[in-house]
Amino acid sequence: MLLRLPSQPSKPVLCLETIADRLSHYHRLFSLAQDIAQLPEDCLEITVDFSYCEFLGHFGVAFLGGLVHLIQARGGCVHFDWKGLLPKIRTNLAQNGFFHHFGGGAEPWDGNSIPYRRDLQYDTTDIGDYLRYKWLGKGWVNISPGLQAAIAGQVSEIYLNAFEHSQSSIGVFSCGQHYPNQGMLHLTVIDFGIGIPANVRSLSQNVSLTPSDAFAWAFQAGTTTKINGISRGLGLNLLQAFVIQNHGSLMIFSNDGYVVIDGNGTQYRNSQASFAGTLVNIAFQCDEQYYCLASEVPQRNKPLF
């Protein structure tokens, strides 16, 4: 995906390929990040070429945005060659605010996109509003106000963990999408920090853990990598339960491992495609079922949670 122009070897061209919701396409992005990380300091004037991209999914948008800021943090610069963009991708990048964020196009508008955003600090109100009203509050998934707030609260902790543990100075990146033809609602949250397994292995008792074992440790309630013990592990019990009940999925990629939570349960896996940071993708099915907390259902009815 990363090419060099023969006439200008110091100015690489990032030829962005199609990015859809496939495991190989996640790996494609991770390999791209590795390639850019290995570039010398004098080869960081990069042009992004969209000519080879026929579809750019939400997690590709979030990843690309973070990658641009990572290059800039290393003293480089990125130029976008918008001429090769397909009209449908151009419209989506305008709608979700990616264009506007990088100096092009008008303000984003409401549609099927959950806006692209970059957070440089943990603002519980701002992030909470984004999750409740821009992601869960559009009616794409039929859930009660109480469950909506509870899920938003747990996803907000994904941001909190990123700020507390990733050691990244460029922030946290998000983007999502409602895919009507698939009947799915997605949200991706990314940081370009040190990664979950690396953080877990920073504790002396965990240095020999495999990536999958490190993920399993991080998901245990009460675990922490903070010396003072204030922060707990990933937890996310209610989010995991809802994903399974809803027949959705929760995928977390970090370092050389990843975890998949879906109707088949929780699977911790080692990966050959390494990513220095952490990418979390949440997928809900947009079915007609109504979901709510047990406390919101009259006792005569059977609660869903």
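The values are calculated or read from the model by the stated rules, or taken from the named source; none is laboratory data. Not measured: the values here are computed from a predicted model. The accessibility values were calculated without ligands, DNA or RNA, using every heavy atom of the protein model including side chains. Shrake-Rupley method; radii C 1.70, N 1.55, O 1.52, S 1.80 Å.
For the reader, a short list of remarks on this structure follows.
- Ranked by solvent-accessible area (1.4 Å probe, protein heavy atoms only, all chains present), the residues Tyr52, Tyr291 order from largest to smallest as Tyr52, Tyr291.
- Of all DSSP beta bridges in the chain, antiparallel share, percent nearest 5: 80
- Ranked by solvent-accessible area (1.4 Å probe, protein heavy atoms only, all chains present), the residues Glu107, Glu288 order from largest to smallest as Glu288, Glu107.
- Against the criterion of solvent-accessible heavy-atom surface with a 1.4 angstrom probe, Ser168, Ser24 sort, most first, into Ser24, Ser168.
- Mean Cα-pair separation over length for the chain, i.e. relative contact order, pairs under 8 Å, 6 or more apart, %: 15
- Membrane-span-like helices in the chain, defined purely by DSSP H runs whose alpha carbon atoms cover 18 Å or more axially and whose average Kyte-Doolittle hydropathy reaches 0.5, are 58-73.
- Of the whole protein surface, Trp217 contributes about 50 Å² of accessible area at a 1.4 Å probe radius.
- Global form of the chain, assessed from the alpha-carbon gyration tensor, a/c cut-off 1.5: oblate
- Percentage relative contact order, segment 37-80, counting C-alpha pairs under 8 Å, at least six apart: 63
- Cut-off under 5 Å, modelled amide H: who pairs with Leu56 long-range: Ile19
- Short-range pairs are left out: with C-alpha atoms under 8 Å and at least six residues apart, the relative contact order of segment 37-189 is 27 percent.
- The chain - accessible surface per residue (Å², probe 1.4 Å): 45
- Per residue Cα convex hull volume in Å³ - calculated over segment 114-183: 89
- Taking the 1.4 Å solvent-accessible surface of the chain as the whole, the part contributed by carbon and sulfur is 50%.
- Arg28 - accessible surface, heavy atoms, 1.4 Å probe, Å² rounded to 10: 70
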